[in-house]
1. Distance in nm between label sites at residue 38 and residue 85, each 7 Å beyond Cα in the beta-carbon direction?
2. Which entries in the list 131/162; 80/159; 70/93; 70/159; 50/194; 60/192 go over 18 Å, if you measure between the two C-alpha atoms of each?
3. In the range 66-135, what chymotrypsin sites (Phe, Trp or Tyr not before Pro) fall in a loop by DSSP, with at most 15 other Cβ atoms inside 10 Å?
4. Using r as the Cβ-Cβ distance of residue 130 and residue 102, and R0 as 45 Å, what FRET efficiency do you calculate, to the nearest 0.05?
5. At 7 Å along Cα-to-Cβ for each site, give me the label-to-label distance between residue 62 and residue 144 in nm.
6. Report the full-extension gain for the segment residue 191 to residue 161: residue separation times 0.36 nm, less the Cα-Cα distance, to one decimal in nm.
7. Calculate the spin-label point distance for residue 174 paired with residue 94, positioning each point 7 Å from the Cα along the beta-carbon direction, and give it in nanometres.
8. Please report the spacing between the Cα centers of the range 89-134 and the range 35-51 in Å, no decimals.
Amino acid sequence: MQLVHYRHALLSPKKEDADFLLKQKKDLNDFRPGRVYEALRAILDSKLNKAGMVGAVYVKTDQGVLFEIKPHVRIPRTCKRFCGVILELLGHKCIRDKDTNEILMRVIEEPVTRHLPINSRVVGLSYSSEKLVDIDEYVNSGSDELNLVFVVGAMVHGKISKEYTDDFVSVSNYPLSAQYCIGLICESLEHKWKIF
Ligand SMILES: C[S@@+](CC[C@H](N)C(=O)[O-])C[C@H]1O[C@@H](n2cnc3c(N)ncnc32)[C@H](O)[C@@H]1O
């Protein structure tokens, strides 16, 4: 399984930047990294990931920067430190393991589909979709030959683009957080593959 995770601007503005953004009539909700941080932790800390069943994680910013995060990466334990790592990533285009030199995060070229394995099925999640599914039944009905790729939005406003998706589904009658949706996906797959 791969998870694509979309987010507006990534970095938390400092007080003076926030004042500047407000003067520019920008919405500070578009500059809240906590959402993407929580969503990433929901993926990376899941039993699914610990069992090695998450193939890759991609994040796309509102400015169109796409980056890949290796699923075995140890994400910083605070959002502030996470922001520091992302700043370094955007500056250097990649983050390497200091001991092994392995690339842990890297900026990659669009479109994301060119990085996905053959046999991928891209499933966009949106409260606005008219196709309401039971996520447990949905993941159970898919063949294990298929690589499931879920697209979840971490923005406050707007919704994920249908572009590149093979299916576009709602998983609840209620609007949920990205973190909660990712938890549902991970749990369904953990049940399916009996990961305890
Ligand atoms: C806080 S919402 C983003 C809000 C945005 N206004 C929207 O409706 O997509 C975070 C993300 O969680 C997912 N999501 C939220 N509720 C959902 C639902 N009922 N079914 C499927 N996905 C949902 C969507 O991917 C959404 O982009």
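The values are calculated or read from the model by the stated rules, or taken from the named source; none is laboratory data. This structure is a prediction, so every number in the text was calculated from the model and none was measured. When we count neighbours, we look across all protein chains shown, and the Cβ atoms used for this are built from the backbone with ideal geometry, even at glycine. Surface accessibility is based on the protein's heavy atoms, side chains included, excluding ligands, DNA and RNA. Shrake-Rupley method; radii C 1.70, N 1.55, O 1.52, S 1.80 Å.
1. Placing both labels 7 Å beyond Cα along the Cβ direction yields 1.9 nm.
2. 80/159; 70/159; 60/192
3. When the chymotrypsin sites (Phe, Trp or Tyr not before Pro) of the range 66-135 are filtered for loop state and at most 15 Cβ neighbours within 10 Å, 127 remain.
4. In this case the efficiency is close to 0.55.
5. Simple spin-label model gives 4.2 nm for this pair.
6. Extra length from residue 191 to residue 161 when fully extended: 7.9 nm.
7. Computed distance between label sites residue 94 and residue 174 equals 4.4 nm.
8. Taking the Cα centre of the range 35-51 as reference, the centre of the range 89-134 is 14 Å away.
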